[in-house]
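Values quoted throughout were computed directly from the atomic coordinates according to the rules given, and no laboratory measurement underlies them. The structure presented is a predicted model; accordingly, all values stated were derived computationally and were not measured. Reconstructed Cβ throughout: ideal geometry from the backbone, glycine too, with neighbour counts over all protein chains shown.
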Amino acid sequence: MSERGTARRPGRTVGAAPAACELCRGDGGRVLWREQALRVVLVDDRDYPGFLRVVWNAHVREMSDLDAGGRERLMVAVFAAEAALRQALAPDKINLASLGNLTPHLHWHVIPRYTGDAHFPQPIWGPRQRDPDAAALAQRMARLAVLGPAIEQHLRGAPVPLAGQSR
Ligand SMILES: [Zn+2]
């Protein structure tokens, strides 16, 4: 009820104040790509080498808070992250997820999955199924250096839509 009449627009803070927001305070991982609107970061998770997040830079809560151009650019970056992971790590599956229940700051998880990983076939937030093979993890770790250049290649080639542009 108290939210009634408060129009949402890009950049508007809704819910958690940015001061308390993990993705406003920090990058959320090692930055592989940064542009004005968004960044792609490598998450430090030893069970999931190559776990990427695409983070909208401004504290925005939902996809529908972005204009058409912003939404398009965000998804272009998600697909660039996905394509880079497929090139670099050849995972059995890619998981895309946008949850943000704990950190309601718009971001997408792009996660390389393997049948032998710690949670497969569950989501990575589900019950742990096994300890992944250490040699397989080490092999994936050794490939991470190619992720940044691969993401850059995909994003440099993609046109940046004009803000407010609708198809
Ligand atoms: Zn934030």
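What's the extension gain from residue 36 to residue 64 if we count 0.36 nm per residue and subtract their Cα-Cα distance?
On the way: separation 28, 0.36 × 28 = 10.08 nm, distance 1.90 nm.
In short, 8.2 nm is gained.
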Scale the Cα Rg of the stretch 74-165 by the rule-of-thumb value 2.2 N^0.38 Å and send over the ratio, two decimals.
1.23
Report Rg (one decimal) and Dmax (nearest whole number) for the stretch 104-145, counting Cα atoms only, units Å.
12.2, 36
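On a full-extension model of 0.36 nm per residue, what is the gain between residue 22 and residue 146, subtracting their alpha-carbon distance, rounded to one decimal in nm?
Values: separation 124, 0.36 × 124 = 44.64 nm, distance 2.69 nm.
Net length gain for the segment: 42.0 nm.
Hey, got a sec? Which chymotrypsin sites (Phe, Trp or Tyr not before Pro) in the stretch 84-133 land in a DSSP loop and have at most 12 other Cβ atoms within 10 Å? Each step should come with its number before you reach the end.
Working: sites: 108, 114, 125; in loops: 114, 125.
Answer by residue number: 125.
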Label-point separation (nm) for residue 102 and residue 156, each offset 7 Å from Cα along Cα-to-Cβ?
3.6
Rounded to the nearest 0.05, what FRET efficiency is calculated for residue 134 and residue 45 with R0 set to 25 Å and r the Cβ-Cβ distance?
0.95
